[in-house]
1. Among the numbered conditions (1) within 17 Å of residue 34 (Cβ to Cβ); (2) over 21 Å from the mean Cα position of the chain (by Cα), tell me where residue 68 comes up short.
2. Please tell me if residue 200 is out of contact with any strand residue (DSSP E or B) (no Cβ under 7 Å at 6 or more places or on another chain), polar (S, T, N, Q), closer than 26 Å to residue 164 by Cα and assigned to a loop (DSSP other than H, G, I, E, B).
3. Just need a number here: residues in the range 278-296 that are within 7 Å of the ligand (Cβ to nearest atom) and either touching a residue at least 24 places away in the same chain (Cβ under 8 Å) or in the same structural domain as residue 105 (by TED's automatic domain parsing) (or both).
4. Does the range 255-262 contain any residue that is assigned to a loop (DSSP other than H, G, I, E, B), within 16 Å of the ligand (Cβ to nearest atom) and not aromatic (Phe, Trp, Tyr)?
5. Please go through the range 147-156 and give me each residue that is more than 20 Å from residue 108 (Cβ to Cβ) and buried (at least 21 other Cβ atoms within 10 Å of the Cβ), ordered by number.
6. Taking into account only those residues within the range 263-277 that are under 25 Å from residue 178 (Cα atoms) and more than 25 Å from the chain's Cα centre (by Cα), which is farthest from the ligand (Cβ to nearest atom)?
7. Are any of the residues in the range 291-304 at pLDDT 75 or above, of a type in the set (Val, Ile, Thr) and within 22 Å of residue 206 (Cα to Cα)?
Amino acid sequence: MDRAIRIHQNLLARSHLTVVQLHQVHLELARDFIAAGLYDRAEQLLRDLSDESPDLNATAQRHLLEVFEAQREWSEAVVTAENLIALSLSEDPLAAGHGQSVHQLRCHYLCEQAETAITAQDSSSARQYYHDALRDNGNDLRARMGLANASLLEGSSKEALGHFEVIMASGRTCTPELLDLLSRICADQAGEGAYSAVLQRYYEQQPAPLLALTLAAELEAEKDRAAADHFLRLTLADNPSVAVAAALLLSGLPEENDQPERRILEQLTQNKQGYACDHCGFTGQSRHWRCPGCRHWDSIHYLGAVPQDAHV
Ligand SMILES: [Zn+2]
């Protein structure tokens, strides 16, 4: 890295460079500084480039986003994302589209600010950031989950449920953390808002094994095991699933059975596969809004209870 910086600095010392070449070397030097973690120096170079070179303006501002992301300077990142969106509308249609959409990035930067506000128990500021985050995509999962949490903080479970209904309708895959949020929203609700009633509606929209098993557990708690098994058996006809079949077999085992098959069936019904990044393949047991492997935003998705190829 030192060598790369030295080479680019030596290039700058040559007097015969054209303005375009000079800007190009500045850009390379800024990239070196980012790679070396010298963010202040990178930021200054990139800001100058953005002002001086119409051709490299969008590229320089995309790199500025990297600088702000690395330093978690979210308000600066929002301003730069807004500049890029404006640029894409006026002069450079590509300004919004190098790498991830800048609209999506802006949304996550605002969600980061909102989460800081939530941590400080400032639900009112969080709410403003989240609403702003929904400007370009009203279905955004992170912002909707955040608004549901902010509503819960303010004691309004009914409003929280409204945000959750948007998530349900958006078609995003149901995950354990979404079910955790839903159970908190429904904790003190009855009728249409009761946990089992919402789970039923959710399952009708998205017949996933995770939802079937969670709803069955609720049915068992409310009624009995037979009601839960009856529901699971009905679901298998239209939505075959190894996890659901395993739950039924497990239910049929005598209580005293502690043979190896019990352990295997239990594993098949549990959330063992975790999450994986669509972009780089990183895997983990929890959702990250930004992939620790490739730094992409919202590219990590839930894999389900059992390997996909085990579904019949
Ligand atoms: Zn990744």
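The values are calculated or read from the model by the stated rules, or taken from the named source; none is laboratory data. Here the structure is a predicted model, which means the values were calculated and not measured. All Cβ positions, glycine included, derive from the backbone under ideal geometry; neighbour counts span all protein chains shown.
1. Unmet condition: (2).
2. So residue 200 fails the test.
3. Residues flagged as within 7 Å of the ligand (Cβ to nearest atom) and either touching a residue at least 24 places away in the same chain (Cβ under 8 Å) or in the same structural domain as residue 105 (by TED's automatic domain parsing) (or both) within the range 278-296 amount to 1.
4. no
5. Within the range 147-156, the subset more than 20 Å from residue 108 (Cβ to Cβ) is 151-156.
Correct list: 151 only.
6. 265
7. Within the range 291-304, one or more residues are at pLDDT 75 or above, of a type in the set (Val, Ile, Thr) and within 22 Å of residue 206 (Cα to Cα).
This table checks each residue for (1) crowded, with 18+ Cβ neighbours inside 10 Å; (2) touching a Gly at 6+ places or on another chain (Cβ under 8 Å); (3) modelled with pLDDT of 95 or more.
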position	(1), (2), (3)
102	yes, no, no
106	yes, no, yes
111	yes, yes, yes
114	yes, yes, yes
120	no, no, no
124	no, no, no
145	yes, no, yes
